[in-house]
Amino acid sequence: MFSLGALALLLLALAFAWVVLGVHALLLGRMPGNWLQRHVRQPRLWGAGALLMVVSWNAESLSLLAVGVGLVALGHVMKSQ
């Protein structure tokens, strides 16, 4: 049973880190770290998608998850104007 609790704690920590990255990208318009700055072209779009993905996990909605994944992908590939 301890391994199940450890797994739940790990998933909670990963979700918290994902929310922090999403809020940082959405509010500041840039990504932390060199790797993310090089690979994410639209940080605000990426941040909105990341937050939607976490909200979909809480609301148990696959449609919100699909929209969130799509926004994160668009944040990676869409060039800025």
Residue 51 fails exactly one of (1) of a type in the set (A, V, I, L, M); (2) open to solvent by less than 80 Å² (accessible area, probe 1.4 Å); (3) over 16 Å from residue 16 (Cα atoms), namely (3)
Select from region 14-54 the residues that are among the aliphatic types (A, V, I, L, M) and more than 13 Å from the chain's Cα centre (by Cα) and list them in ascending order.
27, 28
More than 14 Å from the chain's Cα centre (by Cα) and either among the aromatic types (Phe, Trp, Tyr) or assigned to a helix (DSSP H, G or I) (or both): is that true of residue 5 in this structure?
yes
So in region 24-79, with the set limited to residues that are in a loop (DSSP other than H, G, I, E, B) and either modelled with pLDDT of 95 or more or of a type in the set (Gly, Ala, Ser) (or both), which one is nearest to residue 12 (Cα to Cα)?
61
Quick check: is even one residue across region 25-38 among the polar types (S, T, N, Q), closer than 15 Å to residue 79 by Cα and surrounded by 15 or more Cβ atoms within 10 Å (Cβ to Cβ)?
no
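The values are calculated or read from the model by the stated rules, or taken from the named source; none is laboratory data. Just so we're clear, the structure is a prediction, and the values are computed from it rather than from any experiment. Note that we place each Cβ from the backbone using ideal geometry, even for glycine, and neighbour counts take in every protein chain shown. These accessible areas exclude ligands, DNA and RNA; they are computed on the full protein's heavy atoms, side chains included. Shrake-Rupley method; radii C 1.70, N 1.55, O 1.52, S 1.80 Å.
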